[in-house]
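All remarks here apply to the structure that follows.
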Amino acid sequence: MRLLRKGAEANLYLSTFQGCKALVKHRVRKAYRIPKLDRRIRTLRTVHEAELLHEAKKAGVPTPLIYFLDKNEGKLVLQFVEGERLKEILDRDVSQAEVEKLGVRLGSLIGKLHRRGIIHGDLTTSNVIITPEGGMVLIDFGLGFYSQQLEDRGMDLHLLRQALESYHTRLAKPFFQAVLEGYGKIMGAERLREVEAKLKEIKARGRYVPPEERG
């Protein structure tokens, strides 16, 4: 295996599984945690991510195939999705029409997740892969969770907006508007209006409100 990236919670390795190129996500042990608790946390988070990937696929959202799950070791072996990150594509001199097309497609996928009650938790252009065939695949559900709360849907989209404003300043506004257009096609006009109002509220207050603080 070849280490691709070290993360706060997990390391990513390039490997193979039964002759197929694979990505191994290994949730590493934390020395500061009691060993029994550490294993339980890593097991639960690994299983949870696998469930989210499976549920997202059932919702019609392309995600990497799950090849193998090792609960005891906190390892998830996934299909290595060939292609380019959306971030790299938007960094190039893409046309306005292409920006809008990509935004609508991404918004539709987010809408399918939210309709299913799935919050991705880390919507950035680095977690979207465009395959050589032109498909769009969402990856890295490590921070994801289940929720039907408008606050969580709004925050999911707000994080994407922040990522766009930070890394794709010139394209941020038209791309995000296209995302909302695609989102509305899946969620409907009423849900779109609700989430747009929530986005304005989140931006105005500048922070996420956890469930225990909500009125």
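Results, tabulated for the structure shown:
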item: Residue list for region 61-118, restricted to those being under 30 Å from Leu37 (Cα atoms), modelled with pLDDT of 95 or more and of a type in the set (Gly, Ala, Ser); result: Gly117
item: Cross-chain or 6+ apart pairs with Cβ under 8 Å, region 155-171 first and within 14 Å of Val94 (Cβ to Cβ) and assigned by TED's automatic domain parsing to the domain that holds Val94, then surrounded by 15 or more Cβ atoms within 10 Å (Cβ to Cβ) and of a type in the set (Phe, Trp, Tyr); result: Leu164/Phe175; Leu164/Phe176; His168/Phe175
item: Output for region 63-78, where each listed residue is free of Cβ contacts under 8 Å to residues at least 40 places away in the same chain, closer than 24 Å to Lys112 by Cα and part of a loop (DSSP other than H, G, I, E, B); result: Leu65
item: Flag if Tyr146 is at pLDDT 95 or above and either crowded, with 18+ Cβ neighbours inside 10 Å or more than 19 Å from the chain's Cα centre (by Cα) (or both); result: no
item: Pick from region 63-97, criterion among the hydroxyl-bearing types (Ser, Thr, Tyr) and surrounded by 14 or more Cβ atoms within 10 Å (Cβ to Cβ), ranking: nearest to Tyr13 (Cα to Cα); result: Tyr67
item: Count of region 10-32 residues which are in contact (Cβ under 8 Å) with a residue 12 or more places away in the chain and over 18 Å from Pro64 (Cβ atoms); result: 2
item: Breaking point among (1) of a type in the set (A, V, I, L, M); (2) under 19 Å from Arg115 (Cβ atoms); (3) loosely packed, with under 15 Cβ neighbours inside 10 Å, for Ala204; result: (2)
item: Among (1) in the same structural domain as Tyr183 (by TED's automatic domain parsing); (2) within 23 Å of Ile130 (Cα to Cα) - the single one Gly117 does not satisfy; result: (2)
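The values are calculated or read from the model by the stated rules, or taken from the named source; none is laboratory data. Treat the numbers as computed from the prediction; the structure is a model and nothing was measured. Because the Cβ atoms are built from the backbone with ideal geometry, glycine has one as well, and the counts that use them run over all protein chains shown.
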